[in-house]
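Notes follow once the structure below has been shown.
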Amino acid sequence: MRRDILRNLFGLAAVIGLAFALAGCGFQLRGQTALPFSAAYVVAPENSRVAIALRAALSSQKKLAPAPDAAPVRITLGKESYSKSILALSGGGKVREYRLVYRVQLSVANEFGQILVEPTEIRLSNDFSYSDAQVLAKEAEEVSLNRSMEQDALRQILRRLSYLKN
C-alpha cells in the first residue's frame, strides 16, 4: 500500500516537473492566428470547402463581415480543384501509387480595391500507395488526404492574412 502511494507521488512529481520544463523552454501550443484587421468578407464559390472553413475561422475570431461594404478586407477564393494522377505502375501494369493535387486561388483587397495579396495559387500535393485488394480503405484514405490538404490550405491562407498591412 505504501509503495503504491510513493509510486503515485513520484508519477505526479514527474508530470509536474515535465510541465514546468515545457513552460520554461517557451513551448506553446499553436493557437489561433492573430489577424491585423477588424473584419473581412469572403467571396468564394458556394460549394468551396476551404471557404466554409475560412468563414468559420474568421467567425470564431469575430472577424467575419456579413456584407462586403462592412469589411475593410475582402478575401477572394477562386475555384477549388482536385486532381488525381498515376505516379507509379507495377510490373503487371497495375497502379501502385497515385498523386493527389489540390489547388485554390487566393487574392485579397482592401475596401478601396487596392490589392493586398496578389492573385496566388495555393497548390498542395500528396502521394499515396494503392492496392486493388484494399479498394474501400484506399478510397477512404484518398478522402482523408483531400480533407487534410484543405486544412493545410486554410492554415496557409490564415498565415498569409496574418501578415497583411493595410
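The values are calculated or read from the model by the stated rules, or taken from the named source; none is laboratory data. Note that the structure is a prediction, hence the values are computed from the model and not measured. All Cβ positions, even for glycine, are placed from backbone atoms using ideal geometry, and neighbour counts span all protein chains on display.
Among the candidates S144, S162, the residue that is farther than 18 Å from A44 by Cβ and out of contact with any Ser or Thr (no Cβ under 8 Å at 6 or more places or on another chain) is uniquely S144. A single entry from R96, R147, R160, R103 fulfils the requirement of being basic (K, R) and in contact with a Phe, Trp or Tyr (Cβ under 7 Å, 6 or more places away or on another chain): R96. Just one of the numbered conditions (1) β-branched (V, I, T); (2) modelled with pLDDT under 95; (3) buried (at least 18 other Cβ atoms within 10 Å of the Cβ) is not true of I122: (2). Residues in the range 63-92 that are part of a loop (DSSP other than H, G, I, E, B) and either more than 24 Å from the chain's Cα centre (by Cα) or surrounded by 12 or more Cβ atoms within 10 Å (Cβ to Cβ) (or both): K63, A65, A67, A71, P72, G78, E80, S90, G91, G92. Within the range 122-142, can one find any residue that is touching a Lys or Arg at 6+ places or on another chain (Cβ under 8 Å) and either among the β-branched types (V, I, T) or closer than 18 Å to R74 by Cα (or both)? Within the range 122-142, one or more residues are touching a Lys or Arg at 6+ places or on another chain (Cβ under 8 Å) and either among the β-branched types (V, I, T) or closer than 18 Å to R74 by Cα (or both).
Among the residues of the range 130-146, those that are in contact (Cβ under 8 Å) with a residue 24 or more places away in the chain and either closer than 30 Å to L106 by Cβ or under 23 Å from the mean Cα position of the chain (by Cα) (or both) comprise E142, L145, N146.
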